[in-house]
Amino acid sequence: GEVLRSPLFYALLPGMMAPPFILTGIFISQVAIVEMKGWELSWFAASFAVMAGVHVVAALISGWLIDRFSARRLLPVVLLPLSAATFLLTIAGSPWMLPVFMVLVGLVVGGISTVNGALWAELYGTRHLGAIRAPVTAAMVFSTALAPGLIGILLDAGVGLDIQLIGMTVYSVAAAVWLVVLMPGLNRIAAAG
């Protein structure tokens, strides 16, 4: 209850929801993206192996970084590869950019999964960790459900995927900046816990 009454908890959600929202939107729209770019869908699918490998490495490195610097300090940093990935996908002409895109996505997925696991314990302790993580997980699931519908509505309204990818880039940069703005409040909560 204390967490759900905290404005800071809700202020964190846009940043926490950025990766699942954006990546679900991109992966659901992969057919439209490769058609827009003139690439082969099989090459997009093959590039997922790159993401999987980087995901594992990024998760391990993120764990070490969290222990050294804290999850709250790493949180805005994790969104930077997301910004770079969406921007790269926006400007990429060559299909050889897909593996680079997937490296960046792997960094995001590996980093955010590790940060998300540690952040709430760092801020609020472990006694009610399950109760705290439940609404966070629900919000993230909601964001993944929202992405395909919103992208479809925007496509129907004439907003192309290229413009939507730019919007995703702006959203991830804004979310990272917002999380930096929230840092003093996060530090206060962590110090009080």
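The values are calculated or read from the model by the stated rules, or taken from the named source; none is laboratory data. Fair warning: this is a prediction, and the values are worked out from it, not measured in the lab. Heads up, the Cβs are rebuilt from the backbone with ideal geometry, glycines too, and the neighbour counts pull from every protein chain shown. In case anyone asks, the SASA skips ligands and DNA or RNA and just uses the protein heavy atoms, side chains included. Shrake-Rupley method; radii C 1.70, N 1.55, O 1.52, S 1.80 Å.
Report, to the nearest whole %, how much of the accessible area of region 1-140 belongs to carbon and sulfur atoms, 1.4 Å probe, protein only. Intermediate values should be presented prior to the final figure.
Details: 4430 of 6350 Å².
The nonpolar share, carbon plus sulfur, comes to 70 percent.
Could you state the angle between the C-alpha long axis of helix 7-28 and the longest principal axis of the C-alpha atoms of the chain, as a value from 0 to 90 degrees rounded to the nearest 10?
Approximately 20 degrees, to the nearest ten.
Extending each Cα 7 Å along its Cβ direction at Arg127 and Ile153, get the distance between those two points in nm, one decimal.
About 4.1 nm, to one decimal.
By how many degrees, 0 to 90 and rounded to 10, does the Cα axis of helix 71-91 deviate from the longest principal axis of the chain?
Value to nearest ten degrees: 10.
Once the Cα atoms of helix 129-156 and of the chain are each reduced to a long axis, what angle between those two axes, in degrees from 0 to 90 to the nearest 10, is obtained?
30
So, for the chain, what is the accessible surface per residue at a probe of 1.4 Å, expressed in square angstrom?
48
Using 1/(1 + (r/R0)^6) with R0 = 45 angstrom and r between the beta carbons of Trp178 and Ser42, what's the FRET efficiency to the nearest 0.05?
Once the sixth-power term is evaluated, E becomes 0.75.
Work out the FRET efficiency for Val170 and Phe142 from their Cβ-Cβ distance, taking R0 = 25 Å, and round it to the nearest 0.05.
0.75
Could you pull out the trypsin sites (Lys or Arg not before Pro) across region 103-193 that fall in loop regions by DSSP (anything but H, G, I, E, B) with no more than 15 other Cβ atoms inside 10 Å?
The qualifying sites are Arg127.
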